[in-house]
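> Following this message is one structure expressed as structure tokens.
The values are calculated or read from the model by the stated rules, or taken from the named source; none is laboratory data. Here the structure is a predicted model, which is why all the values come from computation and not from measurement. Using ideal geometry, Cβ is built from the backbone for each residue, glycine included, and neighbour counts are taken over all protein chains shown.
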């Protein structure tokens, strides 16, 4: 990375120098986070990590609040005041999650290890490295600036990987109290692009009720729910081509899970399919919903039930996101880094905050690959400048 003489002057150069000197400490924090496994469905494990994180934030001077949950881990909020003399203003919200998709014991198969300039492990990329950035960026500003240039609020939820049902209201309430939201989910691609737009995500379930009969003795007295479901799956797949077939529109439907039947010698009385839906624009969600609910059975002796809908609104590109990216781009250039932006198909909790009209910048986490996969990793070389960018954004507000 070529850095000009002009680029290495100023606060960003100071932040980068700090994180390069403390890179090992940053890596160690990430390792500690990864080695405390936190599957979304294991409340005890998630709460154990939450208590560890709470202690770390408290040590930095944060006021920690846990939002108790019965099913999922308790959501963690940490509030940091601005240093003395700074005019009162709405806080910046640092948003993320500490639940992962990996079952307890995944470390035995994919241990946290440093190899060829990469740190591997379950959840290292999505998104425990992002949490480490939060901790170390706040600490760096306290050290280098004598305190935070403006108030900062951290919200780490425990159910993002399974839909954010228990945390969405908290996220939206705190976002409304904030001037901007920085989401420390993983960056995009090998260059570490930030995310200024995300697709909205929905899920439908198509349930078919038929009539059972013996497949050998009375094969034609039954009404196969499986056969009917097959017709519906074909119709849904055709919607991609006929109704939403323009790739540039970014509307897609995918039948991902099917269930049905009890035995091979029984005409199936029940069958169902789960359908994933992605939209780039909120206005398109209504169109998909109408098409899904307009499905009718081919076999009139079967009954069809459609449930579900959009659960994450799209993060549509906005003037607020543009302004935040322009600021991040300028800060990155100060250390010789040409930052990129992109739109992605996956959703995050940033979808909720952006839909409220709160300026939201996503993908501020680590550079790496393999989210939710056995080769999940982050690039060690990129960690200092990513942390420096977070510090710079917090310093400027």
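> Residue check: is residue 339 buried (at least 17 other Cβ atoms within 10 Å of the Cβ), out of contact with any strand residue (DSSP E or B) (no Cβ under 6 Å at 6 or more places or on another chain) and touching a residue at least 12 places away in the same chain (Cβ under 8 Å)?
Numbers: buried (at least 17 other Cβ atoms within 10 Å of the Cβ): yes; out of contact with any strand residue (DSSP E or B) (no Cβ under 6 Å at 6 or more places or on another chain): yes; touching a residue at least 12 places away in the same chain (Cβ under 8 Å): yes.
Yes.
> Kindly indicate whether residue 219 is at pLDDT below 95 and more than 28 Å from residue 341 (Cβ to Cβ). Break it down stepwise before answering.
Numbers: at pLDDT below 95: yes; more than 28 Å from residue 341 (Cβ to Cβ): yes.
Considered against the rule, which asks whether it is at pLDDT below 95 and more than 28 Å from residue 341 (Cβ to Cβ), residue 219 comes out as yes.
> Within the range 291-307, does at least one residue satisfy the condition of being modelled with pLDDT under 95 and either on the phi > 0 side of the Ramachandran plot or surrounded by fewer than 20 Cβ atoms within 10 Å (Cβ to Cβ) (or both)? Spell out how you get there, then give the answer.
From the range 291-307, those modelled with pLDDT under 95 are 291; that's our starting set.
Now restrict to residues that are either on the phi > 0 side of the Ramachandran plot or surrounded by fewer than 20 Cβ atoms within 10 Å (Cβ to Cβ) (or both): 291.
Yes, there is a match, as at least one residue in the range 291-307 is modelled with pLDDT under 95 and either on the phi > 0 side of the Ramachandran plot or surrounded by fewer than 20 Cβ atoms within 10 Å (Cβ to Cβ) (or both).
> Moving on. Taking strands (runs of 3 or more DSSP E) that do not extend beyond the range 110-174, which have at least 1 residues that are more than 29 Å from residue 21 (Cβ to Cβ) and assigned by TED's automatic domain parsing to the domain that holds residue 100? Lay out the reasoning, then the answer.
Details: elements: 113-115, 118-120, 152-157.
The strands (runs of 3 or more DSSP E) meeting that bar are 152-157.
> Could you run through the range 264-280 and say how many residues are surrounded by 16 or more Cβ atoms within 10 Å (Cβ to Cβ) and more than 22 Å from residue 221 (Cα to Cα)?
Keep residues of the range 264-280 that are surrounded by 16 or more Cβ atoms within 10 Å (Cβ to Cβ), which gives 267-273, 275, 277-280.
Pick out the ones that are also more than 22 Å from residue 221 (Cα to Cα) and you get 273, 275, 277-280.
The total comes to 6.
> Here is a follow-up. Given the criterion surrounded by 15 or more Cβ atoms within 10 Å (Cβ to Cβ) and in a strand (DSSP E or B), identify the matching residue among 41, 47, 79. Before you say what the answer is, go through the steps one by one.
Numbers: 41 fails: in a strand (DSSP E or B); 47 fails: in a strand (DSSP E or B).
Just one listed residue meets the conditions, 79.
> At pLDDT 95 or above and on the phi > 0 side of the Ramachandran plot: which single residue out of 130, 121 fits that description?
On the way: 130 fails: on the phi > 0 side of the Ramachandran plot.
Checking each option against the conditions leaves just 121.
> Please verify whether residue 186 is under 19 Å from the mean Cα position of the chain (by Cα), assigned by TED's automatic domain parsing to the domain that holds residue 365, part of a loop (DSSP other than H, G, I, E, B) and surrounded by fewer than 21 Cβ atoms within 10 Å (Cβ to Cβ), treating the condition exactly as stated.
Details: under 19 Å from the mean Cα position of the chain (by Cα): yes; assigned by TED's automatic domain parsing to the domain that holds residue 365: yes; part of a loop (DSSP other than H, G, I, E, B): yes; surrounded by fewer than 21 Cβ atoms within 10 Å (Cβ to Cβ): no.
No.
> Continuing with this model, one more query. Within the range 139-149, can you find the residues that are surrounded by fewer than 24 Cβ atoms within 10 Å (Cβ to Cβ) and over 17 Å from residue 32 (Cβ atoms)? Break it down into steps so the answer makes sense when it comes.
Filtering the range 139-149 for residues surrounded by fewer than 24 Cβ atoms within 10 Å (Cβ to Cβ) gives 139-140, 142-149.
Answer for the range 139-149, where residues must be surrounded by fewer than 24 Cβ atoms within 10 Å (Cβ to Cβ) and over 17 Å from residue 32 (Cβ atoms): 140, 142, 143, 144, 145, 146, 147, 148, 149.
> Going through 19, 66 one at a time, which residue ends up being farther than 22 Å from residue 389 by Cβ and either in a loop (DSSP other than H, G, I, E, B) or modelled with pLDDT of 95 or more (or both)?
Values: 19 fails: farther than 22 Å from residue 389 by Cβ.
After applying the criteria, what remains is 66.
> When you go through (1) buried (at least 17 other Cβ atoms within 10 Å of the Cβ); (2) over 20 Å from the mean Cα position of the chain (by Cα) one by one for residue 313, which number turns out not to apply?
Among (1) buried (at least 17 other Cβ atoms within 10 Å of the Cβ); (2) over 20 Å from the mean Cα position of the chain (by Cα), the lone unmet condition for residue 313 is (2).
> So which residues in the range 189-218 are in a loop (DSSP other than H, G, I, E, B) and over 20 Å from the mean Cα position of the chain (by Cα), if there are any at all?
Filtering the range 189-218 for residues in a loop (DSSP other than H, G, I, E, B) gives 189-192, 199, 210, 212-213, 215-218.
210, 212, 213, 215, 216, 217, 218 - these are the residues of the range 189-218 that are in a loop (DSSP other than H, G, I, E, B) and over 20 Å from the mean Cα position of the chain (by Cα).
> Turning to a different aspect of this structure: Quick one: would you say residue 33 is under 19 Å from the mean Cα position of the chain (by Cα), farther than 30 Å from residue 333 by Cα and outside any helix (DSSP H, G or I)? Spell out the reasoning first.
Working: under 19 Å from the mean Cα position of the chain (by Cα): yes; farther than 30 Å from residue 333 by Cα: yes; outside any helix (DSSP H, G or I): no.
No; evaluated as a whole, the condition is false for this residue.
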